[in-house]
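Heads up: the structure comes next, in structure tokens.
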Amino acid sequence: MKKTIALIIFLLSMGCVSAQQQDFHMIWQDEFDGQGHPDSSRWNYETGGGGWGNNELQYYTERRLKNARLEDGRLIIEAHKEYYQGNDYTSARLTTKNNGDWVHGRIEARAKLPSGTGTWPAIWMLPTEWIYGDGGWPDNGEIDIMEHVGYDEGIIHGTIHTHAYNHMDGTDKGETTEVPDATEAFHEYAIEWTQSEIRWYVDDQLYFTFENEGTGWREWPFDHPFHLLMNIAIGGNWGGIEGVDDSIFPVQMQVDYVRVYQTADQIGELIKGPDELVGRQEGVSFSTPIKDAQSYQWSAPEGAEITSATDERQVTVDWGCQGGEVACTIATSDSLYEATRQVSLTEPQMQGPRFYNENDDPITFSVPEMTETTYQWELPEGGSFLSGEGTHLVEVDWPERADSIRLHITNECGELTISHFLWTPGTQYPFPDPEQPHLLPDTIDPTHYDYGGEGVAYHDNSSANEGDGIRQDEGVDTESMDQGHGSIGYIKPGEWVEYAIKVEEEFSAKVVLRMASAVRTNGTVDVLVNGETVASDIQAHNTGEWNLFEEFESNTFTLSPQDTLLRLEFDNYNFNLGRVIFKQVETALDQSPNDPSINLYPNPARENLHVASEHDIKRLEIYELTGRLIHSENLTGTNRNHQLSLKTLPPGMYLIRIDLANQGSITQKIIKK
């Protein structure tokens, strides 16, 4: 009987032990050595008051040692009772966003928690990019590794929040475990996150598992990078249920360490570094994310030289004149990895500004630094070198005009001459390459509106970019909500954007606008080419979510090589614009001209043409025989007989295209006398 009990205990313990027995490798850590401010290469501050959506009472400060500091090998987050920026308490909220962002792995922190009614410490995770649902919380998920409220001391909470499972709807998923001395001693709080489940541990004892149901993002948005947060909140909807005991302050959460582990499969690439290098490039770094290996042994291809120690986690290489493979043998306590990274050779590209501005002097140009290389720079007339002539980086006093700088590079890999053009600011050019307009038919990313600035390439009612997408120094509100592609949000009436376009051969086109809205909207878009409207009042609808884009198609129009500028004009509020798709369509000439269900009379006609159909007529379009659309009108309701005015048409032969309800379209020839 004793042997049976011992076996059961052993098997249970095997189910509870985690990182050390699952071939995890440390990829990120902070042991909080030193004194002063937290390491800015690892930690950011989120600041402010206002309740943080939970009626919290504290103000989170930035780089204030009183609230966040390193001390005796620990991170101290300390809350105080003090009036600050309109709030009665101060604290700190630290985050690894963009310094530590992970999909899957083991995330652990060893901490001692504050005590006292009104405290609400948390170690938790949020998404780095908000890509699902309405683009906010809880659609994009939250993982609470540890939460503790002071009025219920010793009870640790592990919870997830998603669209389907959240506390607002009373459907949140979580569990608690007792840690009676949580405020007196250090304990390790951890999750292990895989594609199929997230497991919660305290001191390696499993107490909660949340499984991926495989039904989509509403239940499982945990398939993209999340970052870590640590903070002490004061009061709030949960932490302040029994009020705040002001006699407890100051209070601290002390953190001994934070460590992140992943398996080799979760890490993915075991060697991090560039995929492309230029010949003779100097001082190139390669590294492995595995921080806790027992040994590393690096090698580089023929012609390349490792200039640092070859048995460290990171090496520095001076490259040769050919591509090849960087390799590292990584020995851990239980595994041996033979990792490689293939590197190809590419030509050097000159780095420098695209536009000249007289306020920018001096202007810097550079190429990657190369060993045993000569650099011969050539400036346009009127320019002069301020520093760096003969090196890979120069500072230049630029002449006040658009012009080119040239560089002749010579080394054992060969000779090469490259150039870089500076354009005049305030003039309209294509984005991202001023020499490459958008070639149509194709898809245009709406955030790739032209260079030129406010009033030249766009008009926005506010000077600041209210979105979180590219081109933050411009006024257009860019985002990336269209399935990861660019989008424009916060649209207001009267705003517009322009795009340089190129059409190589004339074709009949339709434009498809991808638009989204989570509310009822009357927002419309007009499409102009070379200043003339080719499609008007393309209307957005409520698609249910701000990032749920649907396609809205225009009428047919003709694009020709003379067309060089596209403008999109916005009317009304409450919609987002995603990708803009120009597609080539069949012209009226390609359609069948005869159908007995349509009667056109008189034909030829002098002033008016009567259109009769067995089905409801929804739209009429008149084309020249070249396929160019010259007239269109939409019909509403039940309409099987319609009189069409031809008074403005010159005499000749035309094609009329008739769109019928649920019957497609029919095309016939007509003659105007």
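The figures follow:
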{"read-out": "Extended-chain gain in nm, criterion 0.36 nm per residue less alpha-carbon gap, residue 371 and residue 583", "value": "71.4 nm"}
{"read-out": "Percent accessible area from carbon and sulfur atoms, the chain, protein chains only, probe 1.4 Å", "value": "44"}
{"read-out": "Among 457-463, 650-656, the order from most to least packed when residues are scored by Cβ within 10 Å on average", "value": "457-463, 650-656"}
{"read-out": "Sites residue 631 and residue 395 - FRET efficiency at Förster radius 60 Å, r taken between beta-carbons, to 0.05", "value": "0.50"}
{"read-out": "Å² of accessible area per residue within the chain, as computed with a 1.4 Å probe and no ligands counted", "value": "46"}
{"read-out": "Sites matching trypsin sites (Lys or Arg not before Pro) across the stretch 307-404 that sit in DSSP coil, with at most 12 neighbouring C-beta atoms within 10 Å", "value": "401"}
{"read-out": "Given charges at beta-carbon only (K, R positive; D, E negative), |dipole| of the chain in Debye", "value": "2040"}
{"read-out": "222 nm mean residue ellipticity, helices alone, for the chain (DSSP H n ≥ 4; -39,500 (n - 2.57); rounded to 500)", "value": "-1000 deg cm²/dmol"}
{"read-out": "Length released on extending from residue 485 to residue 641, taking residue separation times 0.36 nm less the Cα-Cα span", "value": "51.7 nm"}
{"read-out": "Residue 40 - accessible surface, heavy atoms, 1.4 Å probe, Å² rounded to 10", "value": "90"}
{"read-out": "Highest to lowest packing among 231-239, 423-431, scored as the average C-beta count within 10 Å", "value": "231-239, 423-431"}
{"read-out": "Extension gain (nm, one decimal) between residue 354 and residue 565, 0.36 nm per residue minus Cα-Cα", "value": "73.9 nm"}
{"read-out": "Mean Cβ count within 10 Å, highest first, over the residues of peptides 489-499, 390-400", "value": "489-499, 390-400"}
{"read-out": "Cleavage-rule hits, trypsin sites (Lys or Arg not before Pro), the stretch 496-568, DSSP coil, Cβ neighbours within 10 Å at most 12", "value": "520"}
{"read-out": "The stretch 381-515: equivalent-ellipsoid semi-axes (sqrt of 5 x gyration tensor eigenvalues, Cα, Å)", "value": "35, 20, 15"}
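The values are calculated or read from the model by the stated rules, or taken from the named source; none is laboratory data. These numbers come from a predicted model, not from an experiment. Note that we place each Cβ from the backbone using ideal geometry, even for glycine, and neighbour counts take in every protein chain shown. Heavy atoms of the whole protein, side chains included, go into the accessibility calculation; ligands, DNA and RNA do not. Shrake-Rupley method; radii C 1.70, N 1.55, O 1.52, S 1.80 Å.
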